[in-house]
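One structure below.
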Amino acid sequence: MGPVDVSGDTAWDFAGPADAAPPGTAMIGYRGGGLDLRVAGAPAVTVLIGFGDRELIIDDATGRRALGGFVVGLPLEAMRIRSERTECIEVRLSPLRAYSLLGVPPTDLGRGAVALEDLWGSRARRLRERLAAAGTWDERFAVTTSFLAQCDRVMRSPDPEVLAGWDRILGSRGRVRIGEVAESVGWSRKRLGARFESQIGLTPKRTAMLVRFRHAVDGLLAGRPAADVAADCGYADQAHLCRDVSIFTDHTPGALAGHYRPAIARQRYGAWGKFFQYRA
């Protein structure tokens, strides 16, 4: 079967795998001309693997760097990604799967981008070489899936209580009291917070903020009034929504669409809507 075409812009070649990705993962591929993306936080660990001859210029909490590929965890602050020519595979991982696939606790990923070589050493270079040599998107998705399967260490998995807490927060779209989550899994709030942060990368409260923010972004980028989005997503008022948007993007809701939805961003955003689920 061929890759799924998710492109509507001839300047960019977008594709998604025809076959389902492994549980807790999703991937898309894209290549095209000049890239200038501003990326906000999401309840997923993101892996970007470049396979072209141009590096990605990253501006994040740690400064500016040129990387062939990188990983960002949940505590992502606003990031800008640029390149004169882009060819890459982007993988999103449920935080519940990230530890087993990346080999490090999510907390070790920090607040900015981590170079692939810092996680996978020379295997990252060989992966990019194999992707560059592949002739089709099908081959590239197969290479990436095989690589992740080789990295997988199933003994690294979150506690069942953390899994249940994550699902409770996602299922409520971030609109749940953390005390209720702790009670539902039979732990104290303090214990849930400590284990959640060590195994997911964020505290339960911060995770709920991020999940609610991402649902709010869906409405804002669709052009809905900020007041309506705030009410639907459970914010106390529009000012509360503005504070969260500022925390995760450094912009106001009104400025969000202009900064986060150029043509390439619209295609990438739409592609993830087709292929990604955050659960394990």
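Listed here are the residues, each with its yes/no results for (1) among the hydrophobic types (A, V, I, L, M, F, W, C); (2) in contact with a Leu (Cβ under 8 Å, 6 or more places away or on another chain).
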| site | (1), (2) |
| --- | --- |
| Arg189 | no, no |
| Ser198 | no, no |
| Ala208 | yes, no |
| Val217 | yes, yes |
| Gly223 | no, no |
| His240 | no, no |
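Given the options Val211, Val176, name the one that is in contact (Cβ under 8 Å) with a residue 24 or more places away in the chain, open to solvent by less than 30 Å² (accessible area, probe 1.4 Å) and not in a helix (DSSP H, G or I). Can you show your working first?
On the way: Val211 fails: not in a helix (DSSP H, G or I).
After ruling out the rest, the residue left standing is Val176.
Can you list residue pairs whose Cβ atoms sit under 7 Å apart, with the first residue in the stretch 35-55 being free of Cβ contacts under 8 Å to residues at least 60 places away in the same chain and the second being surrounded by 22 or more Cβ atoms within 10 Å (Cβ to Cβ) and basic (Lys, Arg)? Count only pairs 6 or more apart in sequence or on different chains.
From the stretch 35-55, the pairs are Thr46/Arg92.
Between Gly223, Gly193, which is outside any helix (DSSP H, G or I) and either under 16 Å from Pro95 (Cβ atoms) or open to solvent by 30 Å² or more (accessible area, probe 1.4 Å) (or both)?
Testing whether each residue is outside any helix (DSSP H, G or I) and either under 16 Å from Pro95 (Cβ atoms) or open to solvent by 30 Å² or more (accessible area, probe 1.4 Å) (or both) leaves just Gly223.
Considering (1) buried (at least 20 other Cβ atoms within 10 Å of the Cβ); (2) without any contact (Cβ under 8 Å) to a residue 60 or more places away in the chain, say which one Ser94 fails and leave the rest.
Against the list (1) buried (at least 20 other Cβ atoms within 10 Å of the Cβ); (2) without any contact (Cβ under 8 Å) to a residue 60 or more places away in the chain, Ser94 comes up short only on (2).
Return the residues of the stretch 97-106 that are open to solvent by 30 Å² or more (accessible area, probe 1.4 Å) and assigned to a helix (DSSP H, G or I); say none if nothing qualifies.
Restricting attention to the stretch 97-106, the residues satisfying the condition of being open to solvent by 30 Å² or more (accessible area, probe 1.4 Å) are 97, 99, 103-105.
Within the stretch 97-106, Arg97, Tyr99 qualify.
Looking only at residues that are within 19 Å of Ile81 (Cβ to Cβ) and of a type in the set (Lys, Arg) in the stretch 107-160, which one is surrounded by the fewest Cβ atoms within 10 Å (Cβ to Cβ)?
Result: Arg111.
For Gly165, state whether it is surrounded by 18 or more Cβ atoms within 10 Å (Cβ to Cβ), in a helix (DSSP H, G or I), more than 17 Å from the chain's Cα centre (by Cα) and not hydroxyl-bearing (Ser, Thr, Tyr).
The answer is yes for Gly165.
Residue check: is Phe14 at pLDDT below 85 and crowded, with 20+ Cβ neighbours inside 10 Å?
yes
Considering (1) out of contact with any Pro (no Cβ under 9 Å at 6 or more places or on another chain); (2) at pLDDT below 90; (3) assigned to a helix (DSSP H, G or I); (4) more than 29 Å from Leu102 (Cβ to Cβ), say which one Ala239 fails and leave the rest.
(2)
Show the residue pairs meeting these rules: Cβ distance below 8 Å; 6+ apart or different chains; first residue within the stretch 149-166 and within 20 Å of Ala26 (Cβ to Cβ); second residue among the hydroxyl-bearing types (Ser, Thr, Tyr) and modelled with pLDDT of 90 or more.
Note: pairs meeting the criteria are Trp166/Thr207.
Name every residue in the stretch 190-215 that is under 20 Å from Ala78 (Cα atoms), small (Gly, Ala, Ser) and modelled with pLDDT of 90 or more, in order of residue number.
Kept after step one, since they are under 20 Å from Ala78 (Cα atoms), are these residues of the stretch 190-215: 200-203, 205-215.
Still in the list and also small (Gly, Ala, Ser): 201, 208.
Listed by number, the list holds a single entry, Ala208.
The values are calculated or read from the model by the stated rules, or taken from the named source; none is laboratory data. This is a predicted model, so every value here is computed, not measured. Note that we place each Cβ from the backbone using ideal geometry, even for glycine, and neighbour counts take in every protein chain shown. Side chains included, ligands, DNA and RNA excluded: accessible areas come from the protein's heavy atoms. Shrake-Rupley method; radii C 1.70, N 1.55, O 1.52, S 1.80 Å.
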